[in-house]
Amino acid sequence: MDREKLLKAIIPIIIGIIIAIIPHPSALTSNAWYYFALFATVIAATILEPMPIAAISLIGVVVAVVARLVYSRPSSSISWGLTGFSNSIVWLIFAAYLFALGYSKTGLGRRIALIFIKYLGKKPLGLGYAIALSDLVLAPFMPSNTARSGGTIFPIVSNIPPMYGSSPREGTEKKIGSYLMWTAFAATCITSSMFLTGLAPNVLVQSLAAKQGIQFSWITWFIGFAPVGIFLFIITPYLIFKMYPPEIKESPEAPKWAQEELNKMGKIKGREIAFLIEVILALVLWIIGSNYIDATAVALLVVALSLLSNVYSWKDILTYESAWNTLVWFATLFTLADGLSRVGFVSYVGKEIATTIGWMSPTIALIVIVSLFYWLHYMFASLTAHATALFPIFLATAMGISGMNPVVAAYALSYTLGIMGIISPYATGPAPVYYGSGYIKGNDFWKLGLIFGIIYYVIFIAIGMPWLLFILK
């Protein structure tokens, strides 16, 4: 292990030891405090990543089980440790990752993006909207914005700037590349908040909210964010065009290139048509079939149909590492977050914060809670780690304030998870991909992240919060 990795491994342990030796509050048991120290160690390690994050959270669960920090009986301790693997939301995330596999295997995702570029890409602004629309079409079915934007959209977009002599190696990135890359990145942050299934942590907080008796539905999620999401989606490519403009004002080569690529792909194939029918079926059942079939069952149904229609094979699933890695990661993170509630830590912190801001009106208190939840993301390099660590605490805080609607608070906190990804080069999965491309220089990335982070935040507070209070009153 090199020096940097060793340091990344030692720092979380030191943090955990320091917390553990601090005298615990009288309202908490020693086991609850030690569990919090372990949880903080896991979150710190998740941020620094001395090893794969799924391995980190698995180790955290094993330590908690063996040390019996949540339950004293060994049988109860291991039963709790495995609860994440029996959680239906975790399996929904896993199944939805296989949707991404379907887009990749059939080429349907690439075809959709190329079609948009063909018809909208004659000018940089139109190209920006084409890229954004490509992400929008894929978002309801791809909960990994890293796979969606970093794995599907970015490889396509990265082919366009060189056609116009725009390259970071030659110092010509701002000809058109910078604009396209920032537009693609900003768009995926919006679509990640628009759909419950547009971002994996969205489904995670759905599960965490359910622990408090709050149920999210796919259609309510979409309606609740629609005014903000649609408005941001419409104005973002134009705002970027004005604030971070490309030097080139025409892009006639992009549609030609897209057509050439489509020609290489040939006519739409049977597997693409089959998969398209299957994902449309999933969307319809998620929207109107919730009274008859569970959302996870819908996703697993599509996986079964995809296997039957040869969209992908069982071997493809077995070798799809990111899906299995995500399954272990989310199952163990869910268990760890659940442990905080079981030992009483979440309710304790929630009551303490609620007492501090309890004198405020429910609306002002909610704005304070959402604002803290949003801007504290500068401290996290993972939306999942952020959601796991803070969502249960801030939701408990909201539930402890007299007169506050806990359902509104749960949705309001959840909606920010996608849009907060805009603020830094490490805030969400696709961010390092676009940052690492070289088209958006470091200073530009931080500056644009802050500017658009403020824009998204202000619009959500100004439009989204009143709308939520209206539809969920």
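Among the residues of the range 295-313, those that are open to solvent by 60 Å² or more (accessible area, probe 1.4 Å) and out of contact with any helix residue (DSSP H, G or I) (no Cβ under 7 Å at 6 or more places or on another chain) comprise LEU301, LEU308. Just for the range 55-82: of the residues that are of a type in the set (Gly, Ala, Ser) and under 28 Å from the mean Cα position of the chain (by Cα), which one is surrounded by the fewest Cβ atoms within 10 Å (Cβ to Cβ)? Residue satisfying both the conditions and the ranking: ALA55. For the range 7-53, taking the residues that are within 19 Å of ARG342 (Cα to Cα) and polar (S, T, N, Q), the one that is least open to solvent (accessible area, probe 1.4 Å) is identified as THR41.
Answer yes or no: is there a residue in the range 313-323 that is without any contact (Cβ under 8 Å) to a residue 24 or more places away in the chain and within 21 Å of SER86 (Cα to Cα). Yes: the range 313-323 contains one or more residues that are without any contact (Cβ under 8 Å) to a residue 24 or more places away in the chain and within 21 Å of SER86 (Cα to Cα).
Considering the range 66-106, the residues that are in a loop (DSSP other than H, G, I, E, B) and among the polar types (S, T, N, Q) include one that is modelled with the lowest pLDDT, namely ASN87. Only one entry in PHE231, PHE216, PHE225 is within 23 Å of THR188 (Cβ to Cβ), touching a residue at least 12 places away in the same chain (Cβ under 8 Å) and open to solvent by 40 Å² or more (accessible area, probe 1.4 Å), namely PHE231. Listed by first and then second residue, the pairs linking a residue in the range 363-390 that is over 17 Å from GLY429 (Cβ atoms) and modelled with pLDDT of 85 or more to a residue that is assigned to a loop (DSSP other than H, G, I, E, B) and of a type in the set (Val, Ile, Thr), with Cβ atoms under 6 Å apart and 6 or more places separating them unless they lie on different chains, are ALA365/ILE401. Out of curiosity, is LEU204 crowded, with 23+ Cβ neighbours inside 10 Å, among the aliphatic types (A, V, I, L, M) and more than 15 Å from the chain's Cα centre (by Cα)? The answer is no for LEU204. So, ILE422, is that one out of contact with any Gly (no Cβ under 8 Å at 6 or more places or on another chain), under 22 Å from PHE241 (Cα atoms) and of a type in the set (Val, Ile, Thr) or not? Considered against the rule, which asks whether it is out of contact with any Gly (no Cβ under 8 Å at 6 or more places or on another chain), under 22 Å from PHE241 (Cα atoms) and of a type in the set (Val, Ile, Thr), ILE422 comes out as no.
Rundown of residues vs (1) modelled with pLDDT of 90 or more; (2) more than 20 Å from THR326 (Cβ to Cβ); (3) of a type in the set (Phe, Trp, Tyr), yes/no style:
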position: GLY165; (1), (2), (3): no, yes, no
position: THR172; (1), (2), (3): no, yes, no
position: SER178; (1), (2), (3): yes, yes, no
position: MET181; (1), (2), (3): yes, yes, no
position: SER192; (1), (2), (3): yes, no, no
position: LEU204; (1), (2), (3): no, no, no
position: SER207; (1), (2), (3): no, no, no
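For the range 417-467, a residue qualifies if it is open to solvent by 50 Å² or more (accessible area, probe 1.4 Å) and not aromatic (Phe, Trp, Tyr), and the qualifying residues are PRO432, GLY436, LYS441, ASN443, LYS447, LEU450, ILE451, ILE454, VAL458, ALA462, ILE463, PRO466.
Listed here are the residues, each with its yes/no results for (1) closer than 30 Å to TRP359 by Cβ; (2) not in a helix (DSSP H, G or I).
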| site | (1), (2) |
| --- | --- |
| ALA396 | yes, no |
| GLY403 | yes, yes |
| GLY418 | no, no |
| PRO432 | no, no |
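Select from the range 165-195 the residues that are free of Cβ contacts under 8 Å to residues at least 60 places away in the same chain and open to solvent by 10 Å² or more (accessible area, probe 1.4 Å) and list them in ascending order. Selection gives GLY165, SER167, GLU170, GLY171, THR172, PHE195. Regarding ALA297, is this residue at pLDDT 90 or above and either out of contact with any strand residue (DSSP E or B) (no Cβ under 8 Å at 6 or more places or on another chain) or in a helix (DSSP H, G or I) (or both)? Against the criterion (at pLDDT 90 or above and either out of contact with any strand residue (DSSP E or B) (no Cβ under 8 Å at 6 or more places or on another chain) or in a helix (DSSP H, G or I) (or both)), ALA297 does not qualify.
The values are calculated or read from the model by the stated rules, or taken from the named source; none is laboratory data. As the structure is a computational prediction, the values presented were derived from the model and not from experiment. Glycine also receives a Cβ, built like all others from the backbone with ideal geometry; neighbour counts cover every protein chain displayed. These accessible areas exclude ligands, DNA and RNA; they are computed on the full protein's heavy atoms, side chains included. Shrake-Rupley method; radii C 1.70, N 1.55, O 1.52, S 1.80 Å.
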